[in-house]
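J.: What follows is a single structure, and I will ask about it in a moment.
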Amino acid sequence: MNENLKKKIENIIENNDVCLFMKGTPEVPQCGFSLAVSNVLKHLKVDFKGINVLEDNEIREGIKEYSDWPTIPQLYYKKKFLGGCDIVKEMFEKGELQKTLNIK
């Protein structure tokens, strides 16, 4: 990964406490997995930044390398990679996501 792309991704992650790299936007998700994670965050009333990877192929491929995770969506909280759709849904069902995001 080139240094400019790495800095671009790090800048997004550092400037947003809750950041979802997704296909589409929170308002109009473009895949079922992105829709599922976005809906979990909306259900929990979490203020999050959605990054539409379909608008920037460099970020779309770069985020996979950055996190060493092959799929999108990818959820970050306070600069830490939490996981993709299955992991986020499992964390939510177990109450772990709420604890991680400090939701009472």
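The values are calculated or read from the model by the stated rules, or taken from the named source; none is laboratory data. Treat the numbers as computed from the prediction; the structure is a model and nothing was measured. A quick note on method: Cβ atoms are made from the backbone with ideal geometry, for glycine too, and the neighbour counts reach across all protein chains shown.
J.: Keeping to segment 15-59, report how many residues are out of contact with any Lys or Arg (no Cβ under 6 Å at 6 or more places or on another chain) and outside any strand (DSSP E or B).
T.: Filtering segment 15-59 for residues out of contact with any Lys or Arg (no Cβ under 6 Å at 6 or more places or on another chain) gives 15, 18, 20-29, 32-33, 35-52, 55-59.
Imposing the further condition that a residue be outside any strand (DSSP E or B) reduces the set to 15, 23, 25-28, 32-33, 35-48, 55-59.
Qualifying residue count for the region: 27.
J.: Sticking with this one: Checking GLN98 against (1) part of a loop (DSSP other than H, G, I, E, B); (2) in contact (Cβ under 8 Å) with a residue 24 or more places away in the chain; (3) not hydrophobic (A, V, I, L, M, F, W, C), which test does it fail?
T.: Here GLN98 clears every test but (1).
J.: Based on this model, can you work out whether ILE51 counts as crowded, with 17+ Cβ neighbours inside 10 Å, more than 11 Å from the chain's Cα centre (by Cα) and either at pLDDT 95 or above or of a type in the set (Val, Ile, Thr) (or both)? It would help to see each step written out before you state the result.
T.: Working: crowded, with 17+ Cβ neighbours inside 10 Å: yes; more than 11 Å from the chain's Cα centre (by Cα): no; either at pLDDT 95 or above or of a type in the set (Val, Ile, Thr) (or both): yes.
Spelling it out, it is not the case that ILE51 is crowded, with 17+ Cβ neighbours inside 10 Å, more than 11 Å from the chain's Cα centre (by Cα) and either at pLDDT 95 or above or of a type in the set (Val, Ile, Thr) (or both).
J.: Of the conditions (1) at pLDDT 95 or above; (2) more than 16 Å from LEU101 (Cα to Cα), MET1 clears all except one; give me its number.
T.: (1)
J.: Would you say ILE103 is among the β-branched types (Val, Ile, Thr) and at pLDDT 95 or above?
T.: Numbers: among the β-branched types (Val, Ile, Thr): yes; at pLDDT 95 or above: no.
Here the answer is no, as ILE103 does not meet what is asked.
J.: Filter segment 60-95 for residues that are surrounded by 14 or more Cβ atoms within 10 Å (Cβ to Cβ) and in a strand (DSSP E or B) and give the result.
T.: GLN74, LEU75, TYR76, TYR77, PHE81, LEU82, GLY83, listed by residue number.
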